[in-house]
Each structure stands twice: as C-alpha cells, then as structure tokens.
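Inspection log for the structure reproduced underneath, given as structure tokens.
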Amino acid sequence: MGDQGYDFTKLSVLIVEDSVYMRKIVKMLLSGLGFRLVYEAEDGASALNLINTNPIDIVFLDWEMPILNGIEFVQTVRNAPDSMNPFVPIVMLSAHSEVKRIVQARDAGVNEFVVKPLSAQTLYTRLVSVIERPRPFVRTKSFFGPDRRRKMPESFFGTERRSDMLEQLKALGSMAMGQDEIDGVMAKG
Amino acid sequence: MADQHNREIWKGRDEPQGPRERGKAGDCEVIPSPIKLKVKTGDGPAKLPRKKAQELDQLIESQRDLYLEILDQELRELRRLVAGIKNHAVLTVEENRGLFFIAHRIRGEAVMNGQNVVGIIANLLCECLDTPDMIRGPQVPFIALHVEAMVASHAAQITGETDVRAQEIINGFKAARAKLLSA
C-alpha cells in the first residue's frame, strides 16, 4: 500500500480457487496491494497441505471446488486434531448468495464472506476487517470458530444500482442476498 | 493445536447469557484470537483510496479478453452437457452437478467482466439447478433455454446497458421461461 497505508509485505496469504482466471485476478489484486508472499492452491486438499506446512496469515477461499470443497476445507482447518493453524482468518469468496449458504459458511467457521463479483474495494475492506477486528473464537461441543455474535459492521458498503433491464432479470429469481445483508448474517448468532 | 494457545473462559459483563448463548452443551468457551495481523501491517485507511481502487479495478479489466475466451469455452461446455442428457424429463445428480459447476462459475465471473446479462441468466440457471422441483415440466428444455439465452447474449455482446437487442432477447427469454414454468 505504501507509506500511508497498511504494510502487507509481511503477511502471507493463501488463495484457494479452482478457476485459473479467478486465481489470477485475486493474486493480481493482492500483489497490487503490496502482498509478496502469495501461495496458491486449486483445490481444498492441496490447500490443506500448504496451510499445514507454511505460516499462512490469511486464506481466501472459494466454495465450489473438486476433491475437497471450501466448506470441508474450513471444517478441517478449524477442527482436525492435527490442524496446524485453526485460528487462521478465512475469507470466503463465492458466487453463492443464498441465506442458507451464508449461514452454512458462517457455521463452518468462515470469518468473512464476499459474494462475487469481486472488486478491489470489497477485497480490501475484508482485509481491514480481519486486521482491525480479529474476532474471538468460541468453542462449544458442536462448534469451533469465530464468534458469531459479533455486531453488525459499522461501515456500510453500499448496494450496486443496476439498470431496469437487469432488475427485470433479477426479479425472475428467488431471494438472494446483497453484500451488506450477508455481513449481517455472518455477524449474528 | 488449538489447545496449545492460551485460553480465557469468558467472564464479566459480556458473559454469554441464557441457554442459547451458552451452547447446547451448556458451556461456551471464548478464546481471544491469537492472530495479531496488525502487528505486522501497522495502520491503514478503512477504505481503499479511490485512485488505488481504480488502479486495481483496471487490473481486472485488463484480463477481460482472457475471460471472454474462457466464457466461450464454458458456454460451449454447457451446450455439450445439455446435448448429452438422455432423459429430458429429469436430470441425474451427476448431470445436475456438471451443469451447476459451470453455471455457478459464470455467475461469479461474468459480471466482473461486463457480461451482466450472461451473469444474471447464469444465476437463474443455478437457482433452478439448486431447486429442480421449481421446474414443473421436463427439465432439459428449461435448462437449454437458459444456456441458449446466455449464448445469444454473449454473441450479441450485450453488456447490460439499455439496448434494443438486449431487451428483445430478455423479453423472449422471460416469455419462454414463464411458459415452461406454467406448463
């Protein structure tokens, strides 16, 4: 980021994404922000190997992947007895925006959920969130992960305005959530 | 490894109250996160400066040609999968999964590259693959309609702005979709 912003050069990040295009975009954005230590994996199984053998500070994770999907990856990192990094902040990047999916991700132990399409600003605000507001972890018999009782974020990231034509198309579909609504679900127990 | 970190049992004013917050087991152990990223990063602004955000978003735009090639391949693959379905009444789990995997990827990436109409139709396709019971008639014509609407939108280079061709495609798509849903 430079002299006036966060120094990301000392943070190591793992991108877990099976789409070559998306992996390239996320890596470009992170490099543009100043990250130098960027690990990549194209599926959850490879990512598990990387996270257990390298000091990863943040994980950016897709949901739909072969071999081991994003949810299974999170559950393994959080709960496996031999997990080397159970507290690592995990930011899920996914095109899923349905309520049931957001709740599933939160209950698996995801810290932040970003619904695609991705922008530089959205990615950055999630980085700020895990840096500035590290959430305590909660352990019960049925859950281990970031505290789901965190309050709604103070910031409001806005909603995208679309043309009438796109609204017509969107209206054909069932309920999907915007980013600000997703932030609310991620925060509530 | 979690056991190796220092823990604190939640005490004080914010102690979980009632059976819900204490968890099903009656115990809720709250552990301060040992991850202190701020020590490494120092301070920074809450939002990305506008100029920097624009610079990074231009990086995404610089990959648009690459994406359009990928989208071509993905739409061809969707067509191939639809053509390979034998029973038009209902999809197998594997067929559904194969179609969903590609449509889901398109809905996440198309809008980033100005292919808004394609992205939204892909989202509609994902919804009906995720909830196949919503399709009352044979499933394959309904799915094929979405795939062909994406192909047409992409071929016409419709980006989502007000466009006569776009409106024609969307009106036709909406009418066909409504007809199939009411069958």
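The values are calculated or read from the model by the stated rules, or taken from the named source; none is laboratory data. The structure presented is a predicted model; accordingly, all values stated were derived computationally and were not measured. Don't worry about glycine lacking a Cβ; one is built from the backbone with ideal geometry, like all the others, and counts go over all protein chains shown.
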query: Among the residues of the range A:78-86, is any closer than 19 Å to A:E112 by Cβ and of a type in the set (A, V, I, L, M)?
result: no
- prompt: Can we say A:F35 is in contact with a Pro (Cβ under 6 Å, 6 or more places away or on another chain) and part of a loop (DSSP other than H, G, I, E, B)?
  reply: no
Residues (acidic (D, E) and more than 18 Å from B:D133 (Cα to Cα)) located in the range B:80-115: B:E109
The one condition in (1) in a loop (DSSP other than H, G, I, E, B); (2) of a type in the set (A, V, I, L, M, F, W, C); (3) surrounded by fewer than 21 Cβ atoms within 10 Å (Cβ to Cβ) that A:I56 fails to fulfil: (3)
message: Please go through (1) of a type in the set (S, T, N, Q); (2) farther than 30 Å from A:L123 by Cα; (3) outside any helix (DSSP H, G or I) for B:N171 and return the number of the only condition it doesn't satisfy.
response: (3)
message: So the check is Cβ under 8 Å with 6+ separation or different chains; which pairs have a first residue in the range A:68-91 that's more than 9 Å from every other protein chain (Cβ to nearest Cβ) and a second one that's among the polar types (S, T, N, Q)?
response: A:L68/A:T76; A:G70/A:S94; A:I71/A:Q104; A:T76/A:S83; A:V77/A:S83; A:V77/A:N85; A:I90/A:N111; A:V91/A:N111
query: So which of A:F8, A:F87, A:F73, A:F113 ends up being crowded, with 21+ Cβ neighbours inside 10 Å, over 27 Å from B:L68 (Cβ atoms) and over 16 Å from the mean Cα position of the chain (by Cα)?
result: A:F8
message: Quick check on the range A:96-110: of everything there that is aliphatic (A, V, I, L, M) and surrounded by 23 or more Cβ atoms within 10 Å (Cβ to Cβ), which residue is nearest to A:V74 (Cα to Cα)?
response: A:V110
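Okay, residues lined up against (1) modelled with pLDDT under 85; (2) more than 21 Å from A:E64 (Cβ to Cβ):
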position	(1), (2)
B:I106	no, no
B:V140	no, yes
B:I143	no, no
B:M150	no, no
B:S153	no, yes
B:G160	yes, yes
B:A166	yes, yes
B:I170	yes, yes
message: So if I check each of B:E69, B:E94, B:E74, which one is assigned to a helix (DSSP H, G or I), under 18 Å from the mean Cα position of the chain (by Cα) and of a type in the set (D, E)?
response: B:E74
- prompt: Failed condition for B:V118, given (1) more than 16 Å from the chain's Cα centre (by Cα); (2) more than 10 Å from chain A (Cβ to nearest Cβ); (3) among the β-branched types (V, I, T), with all others met?
  reply: (1)
- request: Answer with yes or no whether A:V59 is in contact (Cβ under 8 Å) with a residue 24 or more places away in the chain, touching an Asp or Glu at 6+ places or on another chain (Cβ under 6 Å) and under 27 Å from B:S33 (Cα atoms).
  value: no
message: For the range A:113-128, give me the residue count where each residue is in contact with a His (Cβ under 9 Å, 6 or more places away or on another chain) and without any contact (Cβ under 8 Å) to a residue 12 or more places away in the chain.
response: 0
message: So the check is Cβ under 6 Å with 6+ separation or different chains; which pairs have a first residue in the range B:105-118 that's polar (S, T, N, Q) and a second one that's part of a loop (DSSP other than H, G, I, E, B)?
response: B:N116/B:G160
message: Within the range A:104-116, does at least one residue satisfy the condition of being under 26 Å from B:P32 (Cα atoms), modelled with pLDDT of 95 or more, of a type in the set (G, A, S) and in contact with a Pro (Cβ under 7 Å, 6 or more places away or on another chain)?
response: yes
- prompt: Which numbered condition trips up B:I85, out of (1) over 18 Å from A:M65 (Cα atoms); (2) assigned to a helix (DSSP H, G or I); (3) more than 10 Å from every other protein chain (Cβ to nearest Cβ); (4) of a type in the set (A, V, I, L, M)?
  reply: (2)
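Results for (1) farther than 15 Å from B:R76 by Cα; (2) surrounded by 22 or more Cβ atoms within 10 Å (Cβ to Cβ); (3) more than 12 Å from every other protein chain (Cβ to nearest Cβ); (4) in contact with a helix residue (DSSP H, G or I) (Cβ under 9 Å, 6 or more places away or on another chain), shown as yes or no for each residue.
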site: B:N96; (1), (2), (3), (4): yes, no, yes, yes
site: B:R105; (1), (2), (3), (4): no, yes, no, yes
site: B:M150; (1), (2), (3), (4): no, yes, no, yes
site: B:E168; (1), (2), (3), (4): yes, no, no, no
site: B:A178; (1), (2), (3), (4): yes, no, no, no
site: B:L181; (1), (2), (3), (4): yes, no, no, yes
- line: The number of residues in the range A:92-111 that are within 20 Å of A:M28 (Cα to Cα) and in contact (Cβ under 8 Å) with a residue 60 or more places away in the chain is 1
